[in-house]
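Since every read-out is calculated from the coordinates, none of them should be taken as a lab result. Values in this document were obtained by computation on a predicted structure and should not be read as measured data. Here the Cβ positions follow ideal geometry from the backbone for every residue, glycine too, while neighbour counts run over all protein chains shown.
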Amino acid sequence: MHADTETLRLHRAVLAWYAAHARELPWREPSAGPWAVMVSEFMLQQTPVKRVLPMYEAWMERWPTPADLAAAPSGEAVRAWGRLGYPRRALRLHAAATAVTEQHGGKVPVDHAALLALPGVGEYTAAAVASFAHRQRHAVLDTNVRRVFARLVDGREYPPTATTAAERRTATELLPDDPETAAVWAVAVMELGALVCTARAPDCGGCPVARECAWRAAGYPAHDGPARKGQTYAGTDRQARGKLLAVLREAHEAVPQSALDAVWGDSVQRGRALDGLVADGLVEPVAPGVYRLPG
Ligand code: SF4
């Protein structure tokens, strides 16, 4: 697609803003490499940058290549995941590292389809690694990018619940033609959503595309779609799972049921959470009433 004048103006404004305001993050360093990008993307999917940074540094120091991680038991990956949350991501990253090691000679694939074929790598992660690490031209749609486009292009406060074909079309149409510029654009729009066009308090005064923004031009109409997911955590099965897993992470050996009972009072919910952890492969029963992280 040949970009029209308005699209070119958007590109120039966002790229100039990014050049001046981008955060310095270790996975964005020129020396970072595809494995670093892949690890960071797994961690960043559901966890904010601030919490990811220390875990990421420790992870890369311990497992600087996919082969290093693949050689470790998957339970060690779960342990090192610490309190990042959604620990199934640790197992998926371990599985992806194993596939990279066994099927790709230890090198993170360059080809988008090969990335997508790795276990635990979905459309978003494949596009992110192909774009950020391999400097290819891909629409990279995370929640930040989707929110920016919803406001800027569609004049809506929030994007639909799940990514739609129309959103993919918009993102693809707005991609700069040149792959290197497209790769910078992808991360720049993401950064704009993270720092300026935030979910709750967009800083339109500091926004490089405020004049082009459809939502702003329309007078900021309120969200009229389905209610957005709340952030409730206390008392949920997810919190119970987190508590149980923390006991196993910190124990460094198999633990008896009584150690798990001590951290979550509701036995029905505790049982359900433990069953879920076992079913997900995050916890291994080694004997009746004795559990550990997977070996
Ligand atoms: S003007 Fe405001 S709402 Fe529109 S893209 Fe910029 S920060 Fe977001």
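A few notes on this one:
- Sites counted here are GluC sites (Glu not before Pro) in a DSSP loop (not H, G, I, E or B) having no more than 14 other Cβ atoms within 10 Å; the longest part of the chain that contains none of them is 25-252.
- The helix-based estimate of mean residue ellipticity at 222 nm for the chain, built from -39,500 (n - 2.57) per DSSP H run of four or more residues and divided by its residue count, is -16000 deg cm²/dmol to the nearest 500.
- FRET E, pair H252, K50, Förster distance 25 Å, beta-carbon r, rounded to 0.05: 0.35
- From the C-alpha gyration tensor of the stretch 237-292, square roots of 5λ in Å: 15, 12, 11
- Here the scattering of the stretch 108-258 is modelled by Debye summation over its C-alpha atoms, one equal scatterer each and no solvent; at q = 0.21 Å⁻¹ the log10 of I(q)/I(0) is -1.24.
- Relative contact order for the chain, counting Cα pairs under 8 Å that sit 6 or more residues apart, in percent: 18
- Virtual spin-label span in nm between T163 and Y220, 7 Å along Cα→Cβ: 2.9
- Principal-axis tilt of helix 237-251 within the chain, Cα atoms, nearest 10 degrees: 60
- In the stretch 67-122, trypsin sites (Lys or Arg not before Pro) in a DSSP loop with at most 14 other beta-carbon atoms within 10 Å: R83, K107
- In degrees, nearest ten, helix 165-174 long axis to first principal axis of the chain (Cα): 60
- Applying a DSSP loop filter and a limit of 10 other Cβ atoms within 10 Å to the chymotrypsin sites (Phe, Trp or Tyr not before Pro) in the stretch 226-295 leaves Y233.
- Value of D in µm² per second that Stokes-Einstein yields for the stretch 171-295, Kirkwood Rh from Cα pairs, at 25 °C (0.890 mPa s): 129
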